[in-house]
Amino acid sequence: LLARLRERGARFELLTGRADAIASGSPFGLIGPAIRAAAGFASGDSDARRRDKLLARVSRRLTGDGARRTAEFLGELTGVPFPDDASPALAAARAESRLMSDQLRTAFLDWLGAECDQGPVVLMLDDIQWGDRPSLQFVETALRTLRDRPFMVLAFARPDVDDVFPGLWRERDVQRVTLRGLTRRACQQLVQQVLGGG
């Protein structure tokens, strides 16, 4: 799908998150990586460098105090905390978990909304059966809040996702494609393609 969109010359912002079986269920383990990748985090970056990158990424779409506040709370989502001595909102949220949850959701929606203002956004999520409830709730809220905006979620999961997250996004306009098992001939072709004709 992504290759076809690119071949057509379609312009869109791709955000990619992937759940990890080892960290299954870790809060924001699904959308955190998407934000880190969008900001261009590298493995050797210091926290200060990551904060700068995150603020720069957010500032491409938001300005002023709104950009700073959004970056601060996206920092909480990505494990790159900003200092709270100059941010009363961040300090207050760190003191109260419900307020923090609200601020994190608002920052995520503000950032996605600003990205949608510039063009279509595709959020691709892989292995969501190993994802976490907070990430999936934020995505659910984004699907509802941005329903009239150019925002699409492309999610992949194994069949047990229905046991782990029953009724996932059932109130949204979900189009579900269930893949059947490979045929014997397709399996042979796959093996030959990987191992060679011999």
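The values are calculated or read from the model by the stated rules, or taken from the named source; none is laboratory data. The model shown is predicted, which means the values in this text are computed figures rather than measured ones. Cβ atoms come from the backbone with ideal geometry, glycine included; neighbour counts cover every protein chain shown. Accessible surface areas use protein heavy atoms only, side chains included; no ligands, DNA or RNA. Shrake-Rupley method; radii C 1.70, N 1.55, O 1.52, S 1.80 Å.
If you go through region 116-135, how many residues are closer than 28 Å to Arg60 by Cα, touching a Leu at 6+ places or on another chain (Cβ under 7 Å) and either buried (at least 18 other Cβ atoms within 10 Å of the Cβ) or not aliphatic (A, V, I, L, M) (or both)?
Initial filter on region 116-135 (closer than 28 Å to Arg60 by Cα): 116-126, 134-135.
Adding the requirement that they be touching a Leu at 6+ places or on another chain (Cβ under 7 Å) leaves 116, 121-125, 135.
Going one step further and asking which of them are either buried (at least 18 other Cβ atoms within 10 Å of the Cβ) or not aliphatic (A, V, I, L, M) (or both), we end up with 116, 121-123, 125, 135.
Number satisfying all stated conditions: 6.
If you scan region 129-150, which residues turn out to be closer than 15 Å to Ile35 by Cβ and aromatic (Phe, Trp, Tyr)?
The answer is Phe138, and nothing else.
Would you mind finding the one in Leu15, Leu30, Leu1 that is open to solvent by 50 Å² or more (accessible area, probe 1.4 Å) and touching a strand residue (DSSP E or B) at 6+ places or on another chain (Cβ under 8 Å)? Walk me through it before giving the result.
Working: Leu15 fails: open to solvent by 50 Å² or more (accessible area, probe 1.4 Å); Leu30 fails: open to solvent by 50 Å² or more (accessible area, probe 1.4 Å).
When all the criteria are applied, what remains is Leu1.
Could you look through region 51-80, keep only residues that are closer than 13 Å to Gly32 by Cα and either touching a Cys at 6+ places or on another chain (Cβ under 6 Å) or of a type outside the set (Gly, Ala, Ser) (or both), and pick out the one that is most open to solvent (accessible area, probe 1.4 Å)?
Glu76
What pairs can you find where one residue is in region 166-190 and under 30 Å from Thr145 (Cα atoms), the other is open to solvent by 90 Å² or more (accessible area, probe 1.4 Å) and not hydrophobic (A, V, I, L, M, F, W, C), and their Cβ atoms are less than 9 Å apart, with a gap of 6+ or different chains?
Glu171/Arg144; Arg172/Arg144; Arg172/Arg147; Asp173/Arg147; Thr178/Pro159
Exactly one condition in (1) open to solvent by 40 Å² or more (accessible area, probe 1.4 Å); (2) closer than 23 Å to Thr145 by Cα; (3) not in a helix (DSSP H, G or I) is false for Pro83; which is it?
With respect to (1) open to solvent by 40 Å² or more (accessible area, probe 1.4 Å); (2) closer than 23 Å to Thr145 by Cα; (3) not in a helix (DSSP H, G or I), Pro83 is out only on (2).
Determine whether region 132-142 contains at least one residue that is more than 12 Å from the chain's Cα centre (by Cα) and over 23 Å from Leu1 (Cα atoms).
Scanning region 132-142 turns up at least one residue that is more than 12 Å from the chain's Cα centre (by Cα) and over 23 Å from Leu1 (Cα atoms).
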